[in-house]
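> Next up is a structure, given as structure tokens.
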Amino acid sequence: MPELNLPLNGVMTRVRIERACPYGPPSKPLASRIAYAAAHVVAGEDGIDWESTLAYRRHLWSYGLGVAEAMDTSQRGMGLSWEQARELIARSLEEAKACKGLIACGAGTDQLSDEHPATIDEIIAAYEDQCDWVESHGGRVILMASRALARTAKSIEDYRAVYGRILPQLQRPAILHWLGEMFDPKFKAVADDFDAIETLYGVGYRYKE
């Protein structure tokens, strides 16, 4: 049986996998639905192990999955800076072209510090910067939730103003992604307002074509 090194209670431990997964790469492209995997990066001695990181993406593509790159459900906001994410996005998009792999990339506002307040205009500018980076490298945007916007917004109209500015500028329809408090406690105040979230998605839906 295969074995893996996994962190258990803060200690790297050799774990035996008792049952191997029987699922293998499909013989033809998946047709029933589109699925994206929010892939992690592989750490090396001096930062990101780029070859292993990209090899993992090639592995996911071989199973017919898309890659949701540089996402807040994998590494963003948990140690990967925007500067590192920029390089990850550029490298993965180049790899996707070579492999004909399905990919979309997270764009948010995490270049703004959690320690300092931001204005709505600054939040819009941060989104624009990240969206432009993704699209300038040939990628499709996954518009992620913004801690800065959750902290700054006074009403759903602030969300409408931000999303209404960003979405019409994009070259391709965006995928809207929202984190609830189970992923990030800093979104609790907004996550409790389900009417606001429904309206937010409605703003995105208007620009889907």
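The values are calculated or read from the model by the stated rules, or taken from the named source; none is laboratory data. Because the structure is predicted, anything quoted here is derived from the model rather than measured. Please note: Cβ atoms are built from the backbone with ideal geometry, for glycine as well, and neighbour counts cover all protein chains shown.
> So Ser113 passes all but one of these: (1) closer than 23 Å to Phe183 by Cα; (2) among the hydroxyl-bearing types (Ser, Thr, Tyr); (3) touching a residue at least 12 places away in the same chain (Cβ under 8 Å). Which condition number does it fail?
Ser113 satisfies every listed condition except (3).
> Considering only helices (runs of 4 or more DSSP H) fully contained in segment 115-209, which possess at least 3 residues that are modelled with pLDDT under 75?
Ranges flagged: 188-191, 194-206.
> Can you tell me which condition Leu30 does not meet? The list is (1) touching a residue at least 40 places away in the same chain (Cβ under 8 Å); (2) over 18 Å from the mean Cα position of the chain (by Cα), and all the others hold.
(1)
> Taking Arg58, is it over 19 Å from Ile175 (Cβ atoms), touching a residue at least 40 places away in the same chain (Cβ under 8 Å) and either assigned to a loop (DSSP other than H, G, I, E, B) or in contact with a helix residue (DSSP H, G or I) (Cβ under 9 Å, 6 or more places away or on another chain) (or both)?
So Arg58 fits the description; yes.
> Additional query: Checking the conditions here, which among Gly77, Gly101 is surrounded by 13 or more Cβ atoms within 10 Å (Cβ to Cβ) and either in contact with a Pro (Cβ under 8 Å, 6 or more places away or on another chain) or closer than 17 Å to His137 by Cα (or both)?
Just a single option satisfies the conditions, and that option is Gly101.
> Name every residue in segment 79-114 that is part of a helix (DSSP H, G or I) and of a type in the set (S, T, N, Q), in order of residue number.
Taking segment 79-114 first, the residues part of a helix (DSSP H, G or I) are 82-99.
If the condition is that a residue be part of a helix (DSSP H, G or I) and of a type in the set (S, T, N, Q), then Gln84, Ser92 are the ones that fit.
> Continuing with the same structure: Kindly establish whether Ile34 is touching a Leu at 6+ places or on another chain (Cβ under 9 Å) and under 18 Å from Trp133 (Cβ atoms).
Taking the combined requirement at face value, the residue does not satisfy it.
> Quick one: count up the residues across segment 81-100 that are touching a Lys or Arg at 6+ places or on another chain (Cβ under 7 Å) and modelled with pLDDT of 95 or more.
3
> Filter segment 17-34 for residues that are modelled with pLDDT of 85 or more and among the charged types (D, E, K, R) and give the result.
Selection gives Arg33 alone.
> Just to be sure I understand the filter: pairs with C-beta atoms under 7 Å, separated by 6 or more residues or on different chains, first member in segment 147-173 and touching a residue at least 60 places away in the same chain (Cβ under 8 Å), second member of a type outside the set (Ser, Thr, Tyr) and not in a helix (DSSP H, G or I). Which pairs pass?
Close Cβ pairs satisfying both conditions: Arg147/Asp114.
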